[in-house]
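Participant: The following block contains the structure, expressed as structure tokens.
Each reported figure results from applying straightforward, stated rules to the coordinates on display, with no laboratory input. Just so it is clear, the structure is predicted and the values come from calculations on it, not from any experiment. Cβ: placed from backbone, ideal geometry, glycine included. Neighbour counts: every protein chain shown.
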Amino acid sequence: MPNVLMVFPEGKHKVLTMSYDDGVTADKRLVNLFNEYGVKGTFHLNSGLAGRPGRLPLEEFAELYKGHEVAAHTMNHPTIARCSKEQIVEEVAGDRKALERAVGYPVRGFSYPNGSFNQQIKEMLPYLGIEYARTVNSHGDFRMPDDFLEWNPTCHHNGNLLELAEVFKKADKRQYVYMMYVWGHSYEFDQKENWDLIERFCQSIGGRDDIWYATNIDIVDYLKAYRLLRFSASMDIVYNPSYGSVWLDVGGKTVEAKGGCQTVLFS
């Protein structure tokens, strides 16, 4: 029996995702760069601070972030591990409601403001409609997350970004899948006057046919769809109950398991 392994869409073994916080005006320049080079980003926004000096108004969110993902970051950016349960509920649920009114779709992602979280908060988030939450604890490699509610990124964009990108591009062991996850704040490019850093990164890594360019929620949805696959005991047949396709490596051959269909993997 051949090995049957998960791969990313179209049989790719690498995924790149970007994550930027706070909804500041510098996001406009960053989104334009992402769009130019085909990079996908998730933008974690504070609805209660929208429209203040240096921050984007809510009415601009839908158009600016089209093709990317809008996710929650609390309404007012408190250090939530110091907050009461009642305030946490208000900050997260209130942010979701305001953002959903602005962009017109369910907001299901989150990043911890000030990197602040604890076990109680992690346990609360699913009841508030949150399916993943990003930390600020970079690990420096390309592993997949063990816990979506404690999703540690590869690096901040000021942490050896270009060097890690070169390692990521060269990663080619087909027995693995690789994820490069970059986070930061777009205003930092203004502060450090290093917009050339992110532009060089996007030029270097964008437009490659061996990388899946995905938002955070794209990755979550894809991995959940994979986990819903129903295999026969002999692993020769798979039923995909989800709407979208899931791709598999079957003994070195890429097979698409289409949504709502049964697929013969080998005979």
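Participant: Check each of the trypsin sites (Lys or Arg not before Pro) in the range 2-78 and keep only those in coil by DSSP with at most 11 other C-beta atoms within 10 angstrom; list them in order.
Facilitator: Filter output for the range 2-78: Lys66.
Participant: How high is the relative contact order of the range 170-261? Use alpha-carbon pairs under 8 Å, at least six apart in sequence, and give a whole percent.
Facilitator: Over the range 170-261, the number comes to 14 percent.
Participant: Let me have the 222 nm mean residue ellipticity of the chain computed from DSSP H runs of 4+ only, each contributing -39500 (n - 2.57), with the sum over all residues rounded to the nearest 500.
Facilitator: -9000 deg cm²/dmol
Participant: To continue, here is another question. Give the Cα extents of the range 1-156 along the principal axes, in whole Å, largest first.
Facilitator: 56, 39, 28
Participant: Which trypsin sites (Lys or Arg not before Pro) in the range 125-214 pass both tests, a DSSP loop state and at most 12 other beta-carbon atoms within 10 Å?
Facilitator: Answer by residue number: Lys173, Arg174.
Participant: Could you sort out which of Lys40/Lys173; Lys12/Lys192; Lys14/Lys192; Lys12/Lys122 sit more than 28 Å apart by Cα distance in this structure?
Facilitator: Over 28 Å apart, Cα to Cα: Lys12/Lys192; Lys14/Lys192; Lys12/Lys122.
Participant: Given a Förster radius of 25 Å and the C-beta distance between Asp209 and Asp141 as r, what FRET efficiency does 1/(1 + (r/R0)^6) yield to the nearest 0.05?
Facilitator: 0.60
Participant: How high is the relative contact order of the chain, given as a whole-number percent (alpha carbon pairs under 8 Å, six or more residues apart)?
Facilitator: 26 percent
Participant: Of (1) 51, 49, 38; (2) 58, 35, 29; (3) 63, 42, 32, which one was derived for Cα extents along the principal axes in Å from the structure shown?
Facilitator: Computed from the coordinates, Cα extents along the principal axes in Å corresponds to (3).
Participant: Multiply the residue gap between Thr79 and Lys122 by 0.36 nm, knock off their C-alpha separation, and tell me the result in nm, one decimal place.
Facilitator: Extra length from Thr79 to Lys122 when fully extended: 14.1 nm.
Participant: Then there is this: Could you give each residue of the range 249-262 its phi-based ³J(HN,Hα) in whole Hz, using Karplus coefficients 6.51, -1.76, 1.60 with θ = phi - 60°, and x for Gly or Pro?
Facilitator: In residue order, the calculated couplings are 9, 10, x, x, 10, 7, 10, 9, 9, 6, x, x, 10, 9 Hz.
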